[in-house]
Amino acid sequence: MLEIAKRILRTGIVSETLPEPAQLGPSTEALQGSLRALLGRALAIRHVDAGSCNGCELEIHALNNPYYNIEGAGIKFVASPRHADLLLVTGPVSRNMEQALERTYEATPEPKLVVAVGDCGAACGIFGESYASRGRVANVIPVDVSVPGCPPAPLAILRGILAAVATRTA
């Protein structure tokens, strides 16, 4: 135990440095104004885990923490696809989730957006296509924007969401 304590004191705190505020992108007020101008209201997102390892989910949950605070910027997560503007899909689509993902997509009202998050959702990742996996999300439903990374950073996910909104309204 004493050796571990000594090693901790020698090493110090090991963590990532926070990004500079300028790297985060637009301010909350600017983001709210842009979303209201584009959509006329807040952006509602339905997250679908189609078979991921939960790495991407941890980064998505980080978007709701006080540091990123996307809810304060007018982006919220909803429980029903019937209330959603955008589907945020993670993981390679397993055969067991294929029909559920298709139904969720059909239940989402038009105009609907789809963002595939992570290497698995965007391009099969390490899992590929097999008897148990349909592979990337685009093999099952149309995808507007793909966010690469394993897992992608919360800021990359936020940029992907905003890119999808911008492409649909442009």
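The values are calculated or read from the model by the stated rules, or taken from the named source; none is laboratory data. Bear in mind the structure is a predicted one, so any value in this text is a computation, not a measurement. When we count neighbours, we look across all protein chains shown, and the Cβ atoms used for this are built from the backbone with ideal geometry, even at glycine.
Any residue at all in the range 106-117 that's more than 19 Å from E57 (Cα to Cα), at pLDDT 90 or above, surrounded by fewer than 19 Cβ atoms within 10 Å (Cβ to Cβ) and aliphatic (A, V, I, L, M)? Checked the range 106-117: at least one residue is more than 19 Å from E57 (Cα to Cα), at pLDDT 90 or above, surrounded by fewer than 19 Cβ atoms within 10 Å (Cβ to Cβ) and aliphatic (A, V, I, L, M). Determine whether the range 105-114 contains at least one residue that is touching a Leu at 6+ places or on another chain (Cβ under 7 Å) and part of a helix (DSSP H, G or I). Yes: the range 105-114 contains one or more residues that are touching a Leu at 6+ places or on another chain (Cβ under 7 Å) and part of a helix (DSSP H, G or I). When G160, G149, G125 are checked against the criterion of being surrounded by 14 or more Cβ atoms within 10 Å (Cβ to Cβ) and either among the hydrophobic types (A, V, I, L, M, F, W, C) or not in a loop (DSSP other than H, G, I, E, B) (or both), a single residue qualifies: G160.
Taking the range 128-146 as the search range and keeping residues that are surrounded by fewer than 23 Cβ atoms within 10 Å (Cβ to Cβ) and in a helix (DSSP H, G or I), which one is nearest to the chain's Cα centre (by Cα)? Looking at the filtered set, the residue picked out is A138.
Is it the case that some residue within the range 130-144 is closer than 13 Å to D49 by Cα and among the hydrophobic types (A, V, I, L, M, F, W, C)? Within the range 130-144, one or more residues are closer than 13 Å to D49 by Cα and among the hydrophobic types (A, V, I, L, M, F, W, C).
On the stretch given as the range 63-104, residues that are crowded, with 16+ Cβ neighbours inside 10 Å and either small (G, A, S) or more than 17 Å from the chain's Cα centre (by Cα) (or both) total 7. Identification of helices (runs of 4 or more DSSP H) wholly contained in the range 1-102 with 1 or more residues that are at pLDDT 85 or above and in contact with a Cys (Cβ under 8 Å, 6 or more places away or on another chain) yields 55-62. Answer yes or no as to whether L113 is touching a residue at least 60 places away in the same chain (Cβ under 8 Å) and not acidic (D, E). No: the conditions fail for L113.
Filtered by the rule that a residue be at pLDDT below 85 and among the small types (G, A, S), the range 121-131 gives G125, G128, S130.
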